[in-house]
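Read through the structure below, which is laid out as structure tokens, and then see the notes.
The values are calculated or read from the model by the stated rules, or taken from the named source; none is laboratory data. The structure presented is a predicted model; accordingly, all values stated were derived computationally and were not measured. FYI the Cβ positions are ideal-geometry reconstructions off the backbone, even for glycines, and counts take in every protein chain you see. Just the protein is used for accessible areas: all its heavy atoms, side chains included, with ligands, DNA and RNA removed. Shrake-Rupley method; radii C 1.70, N 1.55, O 1.52, S 1.80 Å.
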Amino acid sequence: MTEYVLTEEAVRDCIDELVELPVHRHFPGYLCLVREAGQEGRTTGLDFNYDEFFDAFFRVADGDKPYFVPFKEADDPNWPTLRFNENVAGTYAQSSLRDTSPLRDVANVDGSGHGATWTLVDEHWIPACTHFCNSTQIPVEALAGFLFRDYAFSAHAPDGNTLVDAFCEEFYYGRASDEFQHLYEMGAVDIGSEDFTEHE
């Protein structure tokens, strides 16, 4: 089966869509915990492997600010603020996380330092939508298009559903689940076969 990747133009369109949303900069941390909960098959006692997560989905370059996080939170036209520095722990480590971070609303932490573990609260997607997204659903095709911008897809005719399927598989969402339906909007961004090119 042929492998496809998103075109650069399609990725830029996904980013343009995301930066206009009122999404908190710490939303990637929540996604990291959701993914780990799916991998472990539990919502309690989770390690917070933010370094590995940022390397997999947000790294765009080397240097002091190698990560790109396409969430401005508000009408901030300053694109350089979307770059995230190499010290991810400076934001997400339990000792660094401020009490005002929305992560405190969706998860509880036990212990400290490298031994700290996290537990997602019951129905965590409800406070996640409220506190990370200002009660706005995230267009899932745009989010998946950005996260999987460097990944290839095996498909006969890739489209937006290809991205949604990959996203649901990676983050252990069921499309009909309460958490997916509450957090994400489908169809807000039109992704078609013309937005993919064969992987070389």
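Values computed for the structure shown
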read-out: Unique match (being among the aromatic types (Phe, Trp, Tyr), open to solvent by 70 Å² or more (accessible area, probe 1.4 Å) and closer than 24 Å to ARG104 by Cα) among TYR184, TYR172; value: TYR172
read-out: Those residues of region 35-53 which are at pLDDT below 95 and surrounded by 18 or more Cβ atoms within 10 Å (Cβ to Cβ), in sequence order; value: PHE48, TYR50
read-out: Residue match in region 173-187 (condition: of a type in the set (Ser, Thr, Tyr) and on the phi > 0 side of the Ramachandran plot); value: no
read-out: Filter result (more than 20 Å from ASP64 (Cα to Cα), part of a loop (DSSP other than H, G, I, E, B) and open to solvent by 70 Å² or more (accessible area, probe 1.4 Å)) within region 85-117; value: SER95, ARG98, ASP99, THR100, SER112
read-out: Near pairs, Cβ below 9 angstrom, 6+ apart or cross-chain, from region 91-116 (among the basic types (Lys, Arg)) to any residue that is in a helix (DSSP H, G or I); value: ARG98/ARG104; ARG104/HIS131
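Each row is one residue, and each column tells you yes or no for (1) modelled with pLDDT of 95 or more; (2) surrounded by fewer than 21 Cβ atoms within 10 Å (Cβ to Cβ).
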{"position": "ARG149", "(1), (2)": "yes, yes"}
{"position": "HIS156", "(1), (2)": "no, yes"}
{"position": "VAL164", "(1), (2)": "yes, no"}
{"position": "ASP195", "(1), (2)": "yes, no"}
